[in-house]
1. How many of the residues making up region 95-112 are surrounded by 16 or more Cβ atoms within 10 Å (Cβ to Cβ) and among the aromatic types (F, W, Y)?
2. Restricting attention to region 63-95, which residues are touching a helix residue (DSSP H, G or I) at 6+ places or on another chain (Cβ under 7 Å), part of a loop (DSSP other than H, G, I, E, B) and within 20 Å of A47 (Cβ to Cβ)?
3. Could you list all residues from region 84-115 that are in contact with a Pro (Cβ under 9 Å, 6 or more places away or on another chain) and of a type in the set (G, A, S)?
4. So A98 fits all but one of (1) part of a helix (DSSP H, G or I); (2) modelled with pLDDT under 95; what number is the exception?
Amino acid sequence: MPTGQIQKTARTRKQNTRAPAPIAASAESSSRKQKMATGLRIFPPNAKAHRLVKKLYVLMKAERMTRERLEKESGVAAHTIKAWWSGKSQPLLGMIEACFQAVGYQLDIRESHEC
């Protein structure tokens, strides 16, 4: 081969020699799949999440409301709710109020007796 030329070599992909793992169809795994398919699985917010977000989660769980349904009914974007859940951002008053209204609750301002 003349100098300065690059020879392309054929590479073979390493074949997977392991046999696929058998899939066990247990009642627990099928129940979990059904919950996830119907959207009934509601993951709790991170420990760093705002206390109103944690309260929203409790109310959503009682109403069997998913985050997807909350997004549709409140008009708050999915990435916003996800950021609240992870504790990466704090909810704005108007947005968290819309979420509580979607679940069937309202926010009230009361006088604090702590002085």
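The values are calculated or read from the model by the stated rules, or taken from the named source; none is laboratory data. If you're wondering where the values come from, they're calculated on a predicted model, not measured in any experiment. Here the Cβ is made from the backbone with ideal geometry for all residues, glycine too, and neighbour counts use every protein chain on show.
1. Looking only at that region, the number is 1.
2. Of everything in region 63-95, those that are touching a helix residue (DSSP H, G or I) at 6+ places or on another chain (Cβ under 7 Å), part of a loop (DSSP other than H, G, I, E, B) and within 20 Å of A47 (Cβ to Cβ) turn out to be S89, P91.
3. Selection gives S86, G87.
4. Going through the list (1) part of a helix (DSSP H, G or I); (2) modelled with pLDDT under 95, A98 breaks only (2).
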